[in-house]
Amino acid sequence: MITDQYSRILPVPSGALQIQRFPQECSPDGVRKNAGLMTSVHFSLVVPTYNEGGNIDKIIRVLSQILDQAMPNDYELIVVDDDSPDLTWEQAQKLTIDYPNLRVMRRVDERGLSTAVIRGWQAARGEVLGVIDGDLQHPPEVLLQLLASIESGADLAVASRHVDGGGVSDWSLTRRILSRGAQMLGLILLPRVISRVSDPMSGYFVVRRRAIADQVMSPLGYKILIEVLGRGNIERIAEVGYVFQEREAGESKVTWKQYTDYLHHLLRLRLSSGQIGQLRQTISFPLGRFIRFGLVGATGLVVDMGVLYVLYDVLGLGLTRSAIFAAELAIINNFIWNDCWTFKDLAGKQRGWRKRIKRLAKFNAICLMGLILKILLLNLFFNGLQLNAYLANLLAIALVTLWNFWFNLQLSWRVTETK
Ligand code: GDD
Ligand code: MN
């Protein structure tokens, strides 16, 4: 008879990254039964670690305190460590003596954040599965709100930095731009998946086991949520705002490889579209809203062309400078009309000048990126294809209108109040 303590040192699953429909100890009708050493639990939380020796004691202590109170003996913590050089796995194993709901998996042959999470979920006994970083940058207390959302019927509850109550501590502008840039790239390559949540980069969420069971996952790098959204059977999604904290010990393992992995992951999901989960669902393009956006754009066009004529033809300013001034005035004109007509319903859910200024800033940033795209297209059509300056400008504006509509809908006017 193996002592209970050893049952908490988990063997590493191998083979396909596929989660069973029922925790090993459950019979097919989902009835929990006490199978020898192990019984199933309600909630399994995976904590992926790599060199978290400075954080592991505190994260296990804090998580145990919260969950002992909320669901005594009906949860488990599963630390999945990739053979950390700082022996995080060994520290975690020692903690199993004081924390009976802690189980530890030490992977030696496999590495990577997202596969660590799935291997942990494969060994999990919970009906609800979750993931939280092991470095205390994801506030543990948010867990209870995520679990409450699942109780209220959500299939997936995501801790988001981009809804009410969300934010990042003091990320550099570069990291913010990289994070948002990655999100925009996802909105281009995989709109039906990435547009479903406000923070697709989140590594902090809980999901119903049955929503992701039986799907063979093939994640890459860090973004496990994209894999769950893309391949899972996720109907209802809840979002809870959280503020991404500063690390107390150790450092981030994010390198450029995570960014290239992310791109590779998007393309792989894109190419497997049609065979999996959400990608089969057709996205309902908001045509009515797009038509209103286009009409507003037409007023912007009048402003754009009128100012371009005055600056370029009458005052003799250079074409590019005239186009930039004309475009900026058109952007402000368009924001005003879009905020009080095209997206009036969404703006109405986010009242107040602070939120309006934030929307204007996002609108301007997206439209300025659109302006750069427009200037490139304008010069391509005018200098490259020798088109007439106004025809070139018109074509460029048409293409950029699509760009501006899609990203403003997803990022500027997205309702950020928690569902
Ligand atoms: N097992 C395992 N294997 N764990 C890993 C690995 C790995 O290869 N790489 C990182 N981890 C663990 C870290 O120990 C930490 O607990 C967690 O995964 C996050 O790693 P960080 O390197 O701290 O990532 P971050 O803080 O820059 O970004 C995190 O938060 C973002 C916002 O939610 C990650 O979770 C990102 O995926 C997420 O987008
Ligand atoms: Mn971190």
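Here is the figure for region 140-173: residues that are within 19 Å of Leu67 (Cα to Cα) and of a type in the set (Val, Ile, Thr) total 3.
Looking at Gly167, Gly130, Gly134, which is the one that is at positive phi and within 16 Å of ligand 1 (Cβ to nearest atom)? Break it down into steps so the answer makes sense when it comes.
Numbers: Gly130 fails: at positive phi; Gly134 fails: at positive phi.
Only one candidate passes the filter, namely Gly167.
The condition of being within 16 Å of ligand 2 (Cβ to nearest atom) and buried (at least 22 other Cβ atoms within 10 Å of the Cβ) does not hold for Ser172. Of all the criteria given as (1) in contact with a Gly (Cβ under 6 Å, 6 or more places away or on another chain); (2) surrounded by fewer than 21 Cβ atoms within 10 Å (Cβ to Cβ), the one not satisfied by Glu248 is (1). Annotation: of all residues in region 208-229 being open to solvent by 40 Å² or more (accessible area, probe 1.4 Å) and within 14 Å of Pro23 (Cα to Cα), the one that is modelled with the lowest pLDDT is Asp214. Within region 247-258, residues that are in the same structural domain as Ile56 (by TED's automatic domain parsing) and under 15 Å from Ser84 (Cβ atoms) sit with their Cβ atoms under 8 Å from residues that are among the acidic types (Asp, Glu) and more than 8 Å from ligand 2 (Cβ to nearest atom), at 6+ positions apart or across chains, in these pairs: Ala249/Glu52; Gly250/Glu52.
If you go through region 118-144 and keep only what is within 14 Å of ligand 2 (Cβ to nearest atom) and within 15 Å of Leu102 (Cα to Cα), you end up with Val131, Ile132, Gly134.
From the set of residues in region 311-351 that are among the hydrophobic types (A, V, I, L, M, F, W, C), open to solvent by less than 70 Å² (accessible area, probe 1.4 Å) and over 18 Å from Asn404 (Cβ atoms), which is modelled with the highest pLDDT? Once the filter is applied, the top-ranked residue is Leu311. Restricted to region 92-119, and to residues there that are surrounded by fewer than 21 Cβ atoms within 10 Å (Cβ to Cβ), part of a helix (DSSP H, G or I) and free of Cβ contacts under 8 Å to residues at least 60 places away in the same chain, the residue that is farthest from ligand 1 (Cβ to nearest atom) is Lys94. Examine region 181-203 for a residue that is assigned by TED's automatic domain parsing to the domain that holds Glu76, modelled with pLDDT under 95, touching a strand residue (DSSP E or B) at 6+ places or on another chain (Cβ under 7 Å) and open to solvent by 20 Å² or more (accessible area, probe 1.4 Å), and state whether such a residue exists. Yes, that holds for at least one residue. If the condition is being among the charged types (D, E, K, R) and more than 22 Å from Arg119 (Cα to Cα), then region 65-96 contributes only Asp68. Only residues in region 167-182 that are farther than 21 Å from Gln410 by Cβ count as the first member; pair them with residues that are open to solvent by 40 Å² or more (accessible area, probe 1.4 Å) and within 15 Å of ligand 2 (Cβ to nearest atom), Cβ under 6 angstrom, at least 6 apart or cross-chain, and list the lot. Every condition considered, the pairs that remain are Ser169/Gln245; Ser169/Glu246. Scanning region 39-57 for residues that are assigned to a helix (DSSP H, G or I) and touching a residue at least 60 places away in the same chain (Cβ under 8 Å) yields a count of 1.
Which one is farthest from Leu10 (Cα to Cα) among residues in region 58-89 that are open to solvent by 70 Å² or more (accessible area, probe 1.4 Å) and assigned to a helix (DSSP H, G or I)? Only one residue tops the list, namely Gln69.
Residues of region 237-263 that are at pLDDT 85 or above, more than 11 Å from ligand 2 (Cβ to nearest atom) and among the charged types (D, E, K, R): Glu239, Asp261.
Scan Gln122, Gln145 and give me the residue that is in contact with a Ser or Thr (Cβ under 9 Å, 6 or more places away or on another chain), at negative phi and open to solvent by 10 Å² or more (accessible area, probe 1.4 Å). Spell out the reasoning first.
Numbers: Gln122 fails: in contact with a Ser or Thr (Cβ under 9 Å, 6 or more places away or on another chain).
The unique qualifying residue is Gln145.
The values are calculated or read from the model by the stated rules, or taken from the named source; none is laboratory data. Nothing here was measured: the structure is a model prediction, and the numbers come from that model. Heads up, the Cβs are rebuilt from the backbone with ideal geometry, glycines too, and the neighbour counts pull from every protein chain shown. Keep in mind that these areas ignore ligands, DNA and RNA; they rest on the heavy atoms of the full protein, side chains included. Shrake-Rupley method; radii C 1.70, N 1.55, O 1.52, S 1.80 Å.
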